[in-house]
Amino acid sequence: MTTSRTADSDAHPYLRAASAGLRHHTRAATEPADRLHLDTLHAHLTAAQQLLDTLTNTTRPLHPTAGRHLASAHLRLWQAAAAVHDAFHTLPSSAQSRTAPEECRPDQLPEGPPVLTICQRHLSAGHAIRRKTTPTDLNAPLHGHTTTCSQ
């Protein structure tokens, strides 16, 4: 059985479209972040984290070094998503005063979107990363192993 290869320009159209959307939003962003922006950004980060997890699992057996780098990127995306989640809770909701930040309380579910969705997504992503990562790795600073870019 033969598999057809798509041209590089046709490969991964949805991923390219998502990247184009993020680039457009970056150029158009003129206002400070609000909760809706951070909720959407968190969704993008966790989706990218899931993609990296899948790529890591399929790449690592054939290319262990590349797999380790993908696993490192997966962890860094988790750390970025965790920082966005924390920032979300420091911003005031529309019903709050500008001085009272809201805490994430897993024991008490928030009243509704977007708080409920970001917390559920964050807890789900956290559960997935903790199955594959040590607590030490989760809290490691954002610098780590690097390689020299070669062509």
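Report whether or not Arg68 is open to solvent by less than 70 Å² (accessible area, probe 1.4 Å), closer than 19 Å to Ile129 by Cα, at pLDDT 90 or above and of a type in the set (Lys, Arg). Steps first, answer last, please.
Details: open to solvent by less than 70 Å² (accessible area, probe 1.4 Å): no; closer than 19 Å to Ile129 by Cα: yes; at pLDDT 90 or above: yes; of a type in the set (Lys, Arg): yes.
Considered against the rule, which asks whether it is open to solvent by less than 70 Å² (accessible area, probe 1.4 Å), closer than 19 Å to Ile129 by Cα, at pLDDT 90 or above and of a type in the set (Lys, Arg), Arg68 comes out as no.
Residues of region 52-64 being in a helix (DSSP H, G or I) and without any contact (Cβ under 8 Å) to a residue 12 or more places away in the chain, which ones?
Of everything in region 52-64, those that are in a helix (DSSP H, G or I) and without any contact (Cβ under 8 Å) to a residue 12 or more places away in the chain turn out to be Thr54, Asn57, Thr58, Thr59, Pro64.
For region 45-58, state whether one or more residues are charged (D, E, K, R), surrounded by fewer than 16 Cβ atoms within 10 Å (Cβ to Cβ) and at pLDDT below 95.
First pass over region 45-58, keeping only residues charged (D, E, K, R): 53.
Retained after the next criterion (residues that are surrounded by fewer than 16 Cβ atoms within 10 Å (Cβ to Cβ)): none.
There is no residue in region 45-58 that is charged (D, E, K, R), surrounded by fewer than 16 Cβ atoms within 10 Å (Cβ to Cβ) and at pLDDT below 95.
Report whether or not Leu142 is open to solvent by 70 Å² or more (accessible area, probe 1.4 Å) and modelled with pLDDT under 85.
Against the criterion (open to solvent by 70 Å² or more (accessible area, probe 1.4 Å) and modelled with pLDDT under 85), Leu142 qualifies.
If I filter region 71-91 down to residues being in contact (Cβ under 8 Å) with a residue 24 or more places away in the chain, of a type outside the set (Gly, Ala, Ser) and open to solvent by less than 40 Å² (accessible area, probe 1.4 Å), which single residue comes out as nearest to Asp137 (Cα to Cα)?
Leu75
Restricting attention to region 44-61, report how many residues are within 8 Å of the chain's Cα centre (by Cα) and more than 17 Å from Thr133 (Cβ to Cβ).
So the count comes out to 2.
Identify the residue in region 71-97 that is assigned to a helix (DSSP H, G or I) and of a type outside the set (A, V, I, L, M, F, W, C) and, among all such residues, is farthest from Ala128 (Cα to Cα).
At the first step, the residues of region 71-97 found to be assigned to a helix (DSSP H, G or I) are 71-90.
Restricting the remaining residues to those that are of a type outside the set (A, V, I, L, M, F, W, C) gives 72, 74, 76, 79, 85-86, 89-90.
Values: Ser72: 15, His74: 11, Arg76: 14, Gln79: 13, His85: 16, Asp86: 18, His89: 22, Thr90: 25 Å.
By that ranking, first place goes to Thr90.
The values are calculated or read from the model by the stated rules, or taken from the named source; none is laboratory data. Computed from a predicted model, the values in this text were never measured in an experiment. Note that we place each Cβ from the backbone using ideal geometry, even for glycine, and neighbour counts take in every protein chain shown. Surface areas here come from the heavy atoms of the whole protein model, side chains and all, with no ligands, DNA or RNA. Shrake-Rupley method; radii C 1.70, N 1.55, O 1.52, S 1.80 Å.
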